[in-house]
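Coordinate-derived values only; no laboratory data. Here the structure is a predicted model, which means the values were calculated and not measured. As a convention, Cβ positions derive from the backbone with ideal geometry for all residues, glycine included, and neighbour counts pool all protein chains shown.
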Amino acid sequence: MIPAEVLYSIADTLEARKSAAPSSSYVASLFNKGEDAILKKVAEEAAETLMASKDGDKLHLVREVADLWFHSMVLLAFHGLRPEDVLAELKRREGISGHDEKASRTAS
């Protein structure tokens, strides 16, 4: 199993890129372009993930999910959030029926 530390390391790098010159890295340029550019990349990667799944190529699917996770992490970083925030939410949901969890969100 790959430890969650890889997510934390990526998150640290993303945080450092927030203050970097846009010409210095892809991530710095995304942060510079703003939320709409980041959202567009997340949507693009989500669509590519769906297509890879439909193609049935498992390696392609894994690579597209990695791209989707990465760009989702960029979005989290844009909002000052980290993987730990998502992992804590997943932990909170552990052992809760999906139906019950969904109902708790719509009831609030």
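The lysine pair tally for region 5-107, using Cα distances under 21 Å and a gap of 8 or more places or different chains, is 6. Projecting the alpha carbon convex hull of the chain along each direction and taking the average yields 8.8 nm².
Length available on full extension from SER19 to GLU44: 0.36 nm per residue minus the Cα-Cα distance, which gives 6.5 nm. Ordering LEU75, THR106, LEU50 by the projection of their Cα atoms onto the charge dipole of the chain, which places +1 on the Cβ of Lys and Arg and -1 on the Cβ of Asp and Glu, puts THR106 at the extreme positive end. Overall, region 5-107 carries a charge dipole of about 140 debye about its Cα centre when +1 sits on the Cβ of Lys and Arg and -1 on the Cβ of Asp and Glu, all other atoms neutral.
Extending 7 Å from Cα along the Cβ direction at LYS91 and again at ASP12 yields two label points whose distance is 1.9 nm.
Taking the beta-carbon count within 10 Å as an exposure proxy, list GLU15, GLU5 from fewest neighbours to most.
Taking fewest neighbouring Cβ atoms as first place, the list is GLU5, GLU15.
How many angstrom separate the Cα center of region 1-67 from the Cα center of region 76-106? The distance from the Cα centre of region 1-67 to that of region 76-106 comes to 20 Å. Charge dipole (Cα centre; +1 on Lys/Arg Cβ, -1 on Asp/Glu Cβ; no other charges) of region 1-56 amounts to roughly 160 debye. Projecting the Cα atoms of LEU61, GLY34, ALA16 onto the charge dipole of the chain, computed from C-beta unit charges around the Cα centre, puts GLY34 farthest toward the positive end.
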